[in-house]
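Engineer: Please see the structure below; I have some questions.
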Amino acid sequence: MERRAWRAPRRFILSALTSLALVPLTQAQITGSAHDLSPLDPDRRLCIFCHTPHGADTSVADAPLWNHATTNQNYVVYDSPTLDATVGQPVGASRLCLSCHDGTVAVDAFGSSPGSFFLGGPGAVGSDGLLNDHPISFQYTDSLAVQDGELHPPSVTSSLLGSTIDDDLLFNGSMECSSCHDVHRGPAAAAVNDALLMIPQTGSTLCLVCHNK
Amino acid sequence: MSSHARRLLALSLCALAACARVPEEPPRPPILYPPPPDAPRVQYLTSIRSVTDMPRATSRLADIVLGPPEEGMRVWKPYGVAMAGTHLYICDTIINNVLIFDFADGSARSLSTNLGADVLRNPINIAVADDGTKYVADALRGQVVVFGPDDRYQTAWGTPEEMTPCDVLVVGDRLAVADLLDDEIEIWDRRTGERLSSFGGPGSGPGQFRAPTNLALSPDGTLCVSETHGFRVQRLTLEGDPILTFGEIGTGFGQFTRPKGVAVDPAGRICVVDSAFSNVQIFTDSGELLMFFGGAGPNVSNLDLPADIEIVTDPVSLALFEPFVAPGRHISHLFLVSSQFGVPRINVYGFLDEGETPTDHGRPVP
């Protein structure tokens, strides 16, 4: 009953249909952020590290007009006795993140250049691969939540970002790097100011969106 | 096609048609304070968590072309609130930023870009001057952070060694700053940040303060200060001369347990948020209790660990909330009250200006 009061104003069905066809404009603020790599480019370009208007890598389907060299690493992935999900090798957009963040491909490896600037330290996942990182590239479903017993069902749980975990945080039902981080530092991430996170860590708010603890 | 399949098809077409037309919700009775049989003076209007909780002031063409507005920016833990025209400013102490909701175009953004000097660390309260300059009291920075009319960072005044600013108030060309470190009120030049004077100091005598957390300006130009640890409200001149002191610790009517936000309406009535009672008590300009509204409870019209109150008289702002006002009633100003807990939100109440003189338990209400 009370929830009804919170429901967003009804929108025209036309607007809903149109939004499927057009990508809504967002206010990303890459300039000045951790992903502002323009100092590494002689022409101070911003987007070129990942995207290009011409001659894009058509083998990459998870990001538009891809321009960066991609990693071919196999990673040791996270495992634990309490893990119920099946965690495979990172796929999709997460592999694109790792194309800088595993430390094996240069940040400025784009176009035909192999690049020369490699991430190290906390910015790169390092030799352990993904063993000591929160698992990614696994299907987070309602049945997984039931099986685990300490996860919220993603299809009905609020993401705190306006819709459900499924709608806002998962990619084809899969948890990826971008479930928590906004690579382009969109408005939500810009407001939070914490490792490009869209949901604040204060009081472990971010963790508790999915984890029922 | 079998008759069964045909019936199924007809049913699903009916279901589709039903989806296309959303039935109107029946109107709910307005939530009024004080409850009957007293004449109502305050109506709960709505609650705001995200910019999409409000109907749009302009046409929805932008929605159709660009898709629905971003719902990602929402309130996490609001403290200070301010409103100027169609813009609502909310100090959020979880994301440590000031959210700006523009109800004219349904857009949401943050005041600080978090890139460089403008990073807010603990923004508690905000004041918006008539010229659009924003002053943010940041307790952890120990500074008042200044943003221009274009929302760009301009400068910051103060150091954490010398102050813990909790509230800031624009008084003409001056700023009044509530400093929790020294339990005092400082008066600054709002163009230069130069400290002109200060008054107060820890104590429970007239003109002294214990945790002066919130400030408000009276129509006669005097200052109202709520003391969270002094359990009272004081009215003083800008020179620090005490005019009125009222309130004491307790749980009775007109007493305080955790007084926080304070605001003065155009008639001089003093409204005080108590975060322990989860309500707003309204007093006369001489400190006599008139009524209270909000209160703890499960409904969105209740308050949950409330912090700040802002009184809004701007007709542009008022017009945004007119659709929520009960038919046949008229509001003269709004109360915006932040709730920090439960469903974090800004509750909006309207003061019903009925042009009558209702009685409060037989006593005339000014």
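Engineer: Segment B:248-338: which GluC sites (Glu not before Pro) are DSSP loop and have at most 14 other beta-carbon atoms within 10 angstrom?
Structural biologist: Passing both the DSSP loop test and the Cβ count: B:GLU248, B:GLU288.
Engineer: If you don't mind, there's one more thing I want to ask. Where does the charge balance sit around A:LEU96 when Lys and Arg score +1, Asp and Glu -1, over other residues with C-beta under 15 Å from its C-beta? Numbers along the way, then the final one.
Structural biologist: Numbers: positive: A:ARG95; negative: A:ASP57, A:ASP62, A:ASP102, A:GLU176, A:ASP182.
Charge balance in the 15 Å sphere: -4.
Engineer: Quick one: pull the percentage of alpha-carbon pairs in segment B:3-364 with a separation above 34 Å.
Structural biologist: Everything past 34 Å amounts to 28 percent.
Engineer: Hey, another quick one. Where the centre of each part is set by its Cα atoms, how far does segment A:25-79 sit from segment B:101-145, in angstrom?
Structural biologist: Distance between centres, Cα-based: 31 Å.
Engineer: Could you work out, for segment A:106-213, what percent of all Cα-Cα pairs fall into each 10 Å distance bin, beginning at 0 Å and stopping at the bin that holds the largest distance?
Structural biologist: Here the calculated profile for segment A:106-213 is 13, 37, 33, 14, 4.
Engineer: Tally up the carbon and sulfur contribution to the accessible surface of chain A as a whole percent, 1.4 Å probe, everything protein left in place.
Structural biologist: Taking all protein chains in place, chain A shows 58 percent carbon and sulfur surface.
Engineer: Ordering B:LYS134, B:LYS77 from largest to smallest accessible area (1.4 angstrom probe), what's the sequence?
Structural biologist: Sorted descending by solvent-accessible area, the residues read B:LYS77, B:LYS134.
Engineer: Same structure again: Which trypsin sites (Lys or Arg not before Pro) from segment B:161-267 combine a DSSP loop assignment with at most 13 other Cβ atoms within 10 Å?
Structural biologist: Values: sites: B:ARG174, B:ARG190, B:ARG191, B:ARG195, B:ARG210, B:ARG232, B:ARG235, B:LYS260; in loops: B:ARG190, B:ARG191, B:ARG210.
Here the trypsin sites (Lys or Arg not before Pro) that fit, given the DSSP loop and packing criteria, are B:ARG191.
Engineer: Please report the relative contact order for segment B:3-364, taking Cα pairs under 8 Å with a sequence separation of at least 6, and give it as a percent rounded to a whole number.
Structural biologist: Details: 914 pairs, mean separation 49.9, N = 362.
Contact order relative to length: 14 percent.
Engineer: Per DSSP H run of n ≥ 4, the term is -39500 (n - 2.57); total these for chain A, divide by its residue number, and report the mean residue ellipticity at 222 nm rounded to 500 deg cm²/dmol.
Structural biologist: -5500 deg cm²/dmol
Engineer: Within segment A:50-152, list the chymotrypsin sites (Phe, Trp or Tyr not before Pro) lying in a DSSP loop whose Cβ has at most 13 other Cβ atoms in a 10 Å radius.
Structural biologist: Hits after loop and neighbour filter: A:PHE117.
Engineer: Arrange the residues A:ILE165, B:ILE243 by how much accessible surface each exposes, largest first, with a 1.4 angstrom probe.
Structural biologist: B:ILE243, A:ILE165
Engineer: While we're on this one: How large is the accessible surface per residue of the protein assembly as shown, computed with a 1.4 Å probe and reported in Å² as a whole number?
Structural biologist: Using a 1.4 Å probe on heavy atoms only, each residue of the protein assembly as shown averages 47 Å².
Engineer: Please give me the summed charge of the neighbours of B:SER198: other residues whose Cβ is under 10 Å from its Cβ, Lys and Arg +1, Asp and Glu -1.
Structural biologist: It works out to a net charge of -3.
Engineer: Still on this model: At 1.4 Å probe size, what's the solvent-accessible area of A:CYS50? Round to the nearest 10 Å².
Structural biologist: Result for A:CYS50: roughly 50 Å² accessible.
Engineer: Seen from all sides and averaged, what is the projected area of the convex hull of the Cα atoms in segment A:28-96, in nm²?
Structural biologist: Values: hull surface 27.7 nm².
With every direction weighted equally, the projected area is 6.9 nm².
Engineer: Could you give the nm distance between label points at B:GLU162 and A:SER113, where each point is 7 Å from its Cα heading toward the beta carbon?
Structural biologist: 4.8
Engineer: Please check segment A:190-207 for residues whose accessible area, probe 1.4 Å, is lower by 10 Å² or more when all protein chains are in place than in their chain alone.
Structural biologist: The answer is A:ALA190, A:ALA191, A:VAL192, A:ASN193, A:PRO200, A:THR202, A:THR205.
Engineer: Based only on Cα atoms, what mean projected area does the convex hull of segment A:35-171 have, in nm²?
Structural biologist: Convex hull of Cα atoms, orientation-averaged projection: 10.0 nm².
Engineer: If I compute solvent accessible area with a 1.4 Å probe over the protein chains, what percent of it on segment B:3-364 is carbon and sulfur?
Structural biologist: 56
Engineer: Please give the solvent-accessible surface of B:GLU162 in Å², to the nearest 10, using a probe radius of 1.4 Å with every protein chain present.
Structural biologist: Answer for B:GLU162: close to 70 Å² accessible.
Engineer: Another question, then. So, in Å, what gap is there between the alpha-carbon centers of segment A:159-213 and segment B:287-328?
Structural biologist: The distance from the Cα centre of segment A:159-213 to that of segment B:287-328 comes to 32 Å.
Engineer: State, in square angstrom and to the nearest 100, the accessible area buried between chains A and B, both chains counted, probe radius 1.4 Å.
Structural biologist: 3300
Engineer: Given the C-alpha atoms of the protein assembly as shown, compute the convex hull and give its volume per residue in Å³.
Structural biologist: Details: hull volume 120.0 nm³, N = 579.
With only Cα atoms used, the protein assembly as shown gives 207 Å³ per residue.
Engineer: With all pairs of different alpha carbon atoms counted, what Kirkwood hydrodynamic radius in Å does segment A:160-210 show?
Structural biologist: Taking the inverse mean of 1/r over all distinct Cα pairs, segment A:160-210 comes out at 11.1 Å.
Engineer: Return the distance in nm (one decimal) between the two label points of a simple spin-label model at A:ASP43 and B:VAL119, each offset 7 Å from Cα along Cα→Cβ.
Structural biologist: Distance between the two pseudo-spin positions: 3.2 nm.
Engineer: Continuing with this model, one more query. Label B:ARG174 and A:ALA34 with points 7 Å out from Cα along Cα→Cβ: what is the distance between them in nm?
Structural biologist: Each label point lies 7 Å from its Cα, and together they span 4.6 nm.
Engineer: First select every other residue whose beta carbon is under 11 angstrom from the beta carbon of B:SER275; then total the charges, Lys and Arg +1, Asp and Glu -1.
Structural biologist: Charge balance near B:SER275 sits at -1.
Engineer: Just to verify a number: FRET efficiency for A:ASP57 and A:GLN89, C-beta to C-beta distance, R0 = 25 Å, to 0.05?
Structural biologist: That gives a FRET efficiency of 0.85.
Engineer: Moving on. For B:ARG191 and B:PHE341 in the same chain, what is the full-extension length gain: residue separation times 0.36 nm, less their Cα-Cα distance, in nm?
Structural biologist: My answer for the length gained is 50.4 nm.
The values are calculated or read from the model by the stated rules, or taken from the named source; none is laboratory data. Being a predicted model, the structure only gives us computed values, none of them experimental. Neighbour counts are summed over all protein chains in view; Cβ atoms, including those assigned to glycine, are modelled from backbone coordinates with ideal geometry. Just so you know, the surface numbers come from the protein's heavy atoms only, side chains and all, with ligands and any DNA or RNA stripped out. Shrake-Rupley method; radii C 1.70, N 1.55, O 1.52, S 1.80 Å.
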